[in-house]
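The structure appears below as structure tokens.
The values are calculated or read from the model by the stated rules, or taken from the named source; none is laboratory data. Keep in mind that what you see is a predicted model, and the values were worked out from it rather than measured. In this analysis, Cβ positions are derived from the backbone assuming ideal geometry, glycine residues included, and neighbour counts consider all displayed protein chains.
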Amino acid sequence: MARRFVNWAGTVRSRPREWAAPALEAEVAERVAASPGRRIRVVGAGHSWSALAAPDDLALCLDQLAGLVAVDVAAGLATVRAGTRLRDLSAALAARGLALPIVGSVAAQAVAGLIATGTHGSSLVHGNLSSLVRGLRLVDGRGQVVTIGAGDPRLDGARCHLGALGVITEVTLPVEPAFRLAETIEPVPITRLAAALPAIARSSEYVKAWWLPHTRDALVYRYQRTDEPTSTRPDPARQRWIDEHVLHRLVFPAMMQLHRVRPLVPPLTRLVARTLRQPRRVGPSTLMLSTPMPARHRETEAALPLAEAGEAVERTVGLLTRERLAVAWPLEIRFVRADSGWLSPAHGGDTCQLGAYSSGADTDRYFAGFWRELAGLHARPHWGKELRHGVDEVRAAWPELPRFLALRDALDPTRRFTGPAQAAVLGP
């Protein structure tokens with residue numbers, strides 16, 4: 001019997017008929033060509049909350065298809081195998097004095113999954129990680145290797161691909177000399193933050209905000225490039241170890257159990273908010289922009305035009321207050337530069353990415369209410385989070401969907417890579 005697939009959060013489970021782990025692109029192509037009629041899903045780190053990666057027939061695990069392929073310092077480009085974890089890519093680049101211009105909040109995902117779902121950091125200077133792609137290689141539904149390079153009109157379709165075009169084997173990304181960032185944290189009343197979001201979004205190269213329900217202030221995190229040396233007090237690397245291994249694995253999970261007792265939720269979130277306030281610190285960009293692995297929880301997320309962001313925040317705060325929801329996780333507010341990816345959540349305009357997180361009994365009510373409150377706004381879902389959109393809603397939100405479907409027809413005419421989750425949002 002094949003091994004079971006379980007995503008990181010434990011919210012998506014499946015048992016494929018067969019599990020394979022190719023280590024070479026040629027092995028991927030051979031496996032696809034030798035398996036006519038079988039439905040194939042690519043498995044990476046399992047860090048999506050959506051079911052897009054859940055295999056039900058043949059699972060191809062890319063863990064062994066990892067590592068740097070080439071680095072061109074003069075051109076500012078690095079080519080990496082698709083199964084490489086972001087943290088490993090960052091470490092390999094750092095050893096060469098290089099870094100990606102931006103990374104996402106979590107460093108555990110595989111590169112193929114990052115671009116498949118439009119994973120992002122927070123910056124109106126930089127786009128999501130899908131938008132960074134300068135070229136890629138994939139194995140299509142016929143088992144043929146396809147190269148899509150810079151200038152190829154198909155690249156905007158393949159950047160954010162939902163796993164529906166083939167098996168991504170290599171990705172080329174931009175790199176630059178490694179740099180350090182100085183982090184500052186400013187408390188801002190949530191009512192003032194909602195009204196000033198466009199200005200806050202442009203107040204630094206990298207900026208994000210967290211608001212914990214039942215507290216007055218949001219915390220605005222800003223990151224500026226600096227030539228200052230890495231902090232010694234606090235030491236970012238040491239603080240990261242404490243955050244990940246002590247706070248996030250031991251303290252916070254224990255505290256989250258307390259939110260089952262509703263009267264404890266408001267004081268609990270206020271206590272957590274105080275622990276998040278840190279003095280100014282300086283460290284390597286990849287360390288400063290990513291966060292420690294949190295306790296297991298659920299996430300859904302909306303991408304909204306920047307002009308609608310304040311209203312979306314106000315509606316969500318109102319929902320949590322009005323419904324007295326027992327939510328002890330932050331509302332995360334991030335920003336992403338516009339891009340041209342056909343299925344990118346940031347297609348066509350700068351966006352505010354509003355992330356709703358929870359782990360308690362009120363999670364389903366919260367997420368349903370969250371999307372209900374955003375009705376009438378131009379909200380698109382994050383492909384890697386819990387999805388509540390169907391084909392008609394996706395068609396209305398993404399004007400380039402017909403072009404993507406035509407590209408799918410060309411690369412995978414027999415739908416080898418369209419599983420139930422893809423069909424639910426793209427159509428059969």
(message) Can you pull out every residue in the stretch 105-118 that is touching a residue at least 60 places away in the same chain (Cβ under 8 Å) and buried (at least 24 other Cβ atoms within 10 Å of the Cβ)?
(response) Q109, A110, V111, A112, G113, A116, T117, G118
(request) Examine the stretch 128-141 for a residue that is part of a loop (DSSP other than H, G, I, E, B), more than 19 Å from the chain's Cα centre (by Cα) and aliphatic (A, V, I, L, M), and state whether such a residue exists. (result) no
(request) Please state which of the following conditions R388 fails to meet, knowing it meets all the rest: (1) closer than 15 Å to A116 by Cβ; (2) modelled with pLDDT under 95. (result) (1)
(request) Can you run down the residue pairs with Cβ atoms below 6 Å, 6 or more apart or on separate chains, where the first is in the stretch 281-302 and in contact (Cβ under 8 Å) with a residue 12 or more places away in the chain and part of a helix (DSSP H, G or I) and the partner is among the aromatic types (F, W, Y) and surrounded by fewer than 19 Cβ atoms within 10 Å (Cβ to Cβ)? (result) S285/F179
(request) For the stretch 65-73, state whether one or more residues are farther than 27 Å from G419 by Cα and in contact with a His (Cβ under 9 Å, 6 or more places away or on another chain). (result) no
(message) Can you tell me which residue is surrounded by the most Cβ atoms within 10 Å (Cβ to Cβ) among those in the stretch 17-67 that are hydroxyl-bearing (S, T, Y) and in contact with a Ser or Thr (Cβ under 8 Å, 6 or more places away or on another chain)?
(response) S48
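Rundown of residues vs (1) more than 10 Å from the chain's Cα centre (by Cα); (2) over 21 Å from A178 (Cβ atoms); (3) not in a helix (DSSP H, G or I), yes/no style:
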residue: L89; (1), (2), (3): yes, no, no
residue: I102; (1), (2), (3): yes, no, yes
residue: V106; (1), (2), (3): no, no, yes
residue: G113; (1), (2), (3): no, yes, no
residue: G121; (1), (2), (3): no, no, yes
(message) Taking the criterion of being of a type in the set (S, T, Y), crowded, with 22+ Cβ neighbours inside 10 Å, in contact with an Asp or Glu (Cβ under 8 Å, 6 or more places away or on another chain) and at pLDDT 95 or above, would at least one residue in the stretch 167-175 satisfy it?
(response) yes
(request) Go through (1) out of contact with any strand residue (DSSP E or B) (no Cβ under 6 Å at 6 or more places or on another chain); (2) part of a loop (DSSP other than H, G, I, E, B); (3) over 28 Å from C160 (Cα atoms) one by one and return the number of the condition L319 breaks. (result) (2)
(request) Please find, within the stretch 15-43, the residue that is nearest to the chain's Cα centre (by Cα) out of those that are of a type in the set (K, R) and either under 21 Å from H161 (Cβ atoms) or in a helix (DSSP H, G or I) (or both). (result) R41
(message) Can you find, within the stretch 348-361, the residue that is farthest from R403 (Cα to Cα) among those that are in contact with a helix residue (DSSP H, G or I) (Cβ under 9 Å, 6 or more places away or on another chain) and without any contact (Cβ under 8 Å) to a residue 60 or more places away in the chain?
(response) A356
(message) Exactly one condition in (1) β-branched (V, I, T); (2) at pLDDT 95 or above; (3) touching a Leu at 6+ places or on another chain (Cβ under 9 Å) is false for V106; which is it?
(response) (2)
(request) Working only within the stretch 389-417, note down all residues that are under 30 Å from I333 (Cα atoms) and surrounded by 14 or more Cβ atoms within 10 Å (Cβ to Cβ). (result) H389, V391, E393, V394, R395, A397, W398, E400, L401, F404
(request) From (1) touching a Cys at 6+ places or on another chain (Cβ under 9 Å); (2) closer than 30 Å to D364 by Cα, pick out the condition that doesn't hold for P22. (result) (2)
(request) Could you check how many residues of the stretch 153-205 are more than 26 Å from M288 (Cβ to Cβ), of a type outside the set (A, V, I, L, M) and either in contact (Cβ under 8 Å) with a residue 60 or more places away in the chain or assigned to a helix (DSSP H, G or I) (or both)? (result) 9
(message) Every residue in the stretch 142-163 that is within 19 Å of the chain's Cα centre (by Cα) and at positive phi, please.
(response) L162, G163
(request) Considering only residues that are assigned to a loop (DSSP other than H, G, I, E, B) and surrounded by fewer than 16 Cβ atoms within 10 Å (Cβ to Cβ), look in the stretch 418-428 and name the one that is farthest from the chain's Cα centre (by Cα). (result) P428
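Quick grid of which residues meet (1) under 21 Å from T117 (Cα atoms); (2) free of Cβ contacts under 8 Å to residues at least 12 places away in the same chain; (3) part of a helix (DSSP H, G or I):
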site: R365; (1), (2), (3): no, no, yes
site: F370; (1), (2), (3): yes, no, yes
site: L377; (1), (2), (3): no, no, no
site: D392; (1), (2), (3): yes, yes, yes
site: F404; (1), (2), (3): yes, no, yes
